[in-house]
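These notes concern the structure reproduced below.
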Amino acid sequence: QVQLIESGGGWVQAGGSLRLSCVASGRSYSGSIIAWFRQAPGKEREFVSGLNWSGYSRLYADSVKGRFTISRDNGKKTVYLQMNSLKPEETAVYYCAAKSQPGLQHWDTVDAWGQGTPVTVSS
């Protein structure tokens with residue numbers, strides 16, 4: 001089973017940038033689909049972005065298109081989320097998730113979640 005550890009969160013002013021990293025371990029990483037989710041205080045967890053094993057297929061939530069970029073380095077077993085032009089309403093705990101089932105749109109079955117990394121965007 002894959003294990004995930006996120007890092008890179010922190011405090012940033014509105015309009016600033018952060019890059020999150022999700023490092024995977026375990027045999028099940030190979031072929032996995034990875035996504036980033038976020039959960040703001042008092043709100044449900046929401047999908048942010050995901051990509052397939054090769055990295056050629058990517059999906060973004062409408063709210064982050066043009067500002068966030070997801071990528072992966074399979075040699076390092078790491079998935080990145082570059083976040084630019086951050087907004088205060090994007091303050092949340094950011095989680096990465098992995099699954100083996102194909103498809104980027106449906107995340108009903110997740111094989112592993114990371115512990116999350118907090119992001120605070122001040123106005």
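Pairs of Cα atoms in the chain fall into 10 Å distance bins, from 0 up to the last occupied one, in shares of 14, 50, 30, 6, 0 percent.
Stretching the chain fully between residue 120 and residue 89 yields a gain of 10.3 nm (0.36 nm per residue, less the alpha carbon separation). At a probe radius of 1.4 angstrom, the accessible area of the chain per residue rounds to 52 square angstrom. Normalised by the number of residues in the range 1-117, the average gap of Cα pairs under 8 Å and 6 or more apart makes the relative contact order 35 percent. Here the range 1-118 exposes an accessible surface that is 48 percent carbon and sulfur, computed with a 1.4 Å probe and the other protein chains kept in place. For the chain, excluding the exposed loop sites themselves (trypsin sites (Lys or Arg not before Pro), DSSP loop, at most 13 other Cβ atoms within 10 Å), the longest remaining stretch covers 77-123.
The values are calculated or read from the model by the stated rules, or taken from the named source; none is laboratory data. Quick caveat, the model's predicted, so the values are computed rather than measured. Methodologically, a virtual Cβ is constructed for each residue, glycine included, from the backbone with ideal geometry; neighbour enumeration extends over all protein chains shown. All accessible areas refer to the heavy atoms of the entire protein, side chains included, with ligands and DNA or RNA removed. Shrake-Rupley method; radii C 1.70, N 1.55, O 1.52, S 1.80 Å.
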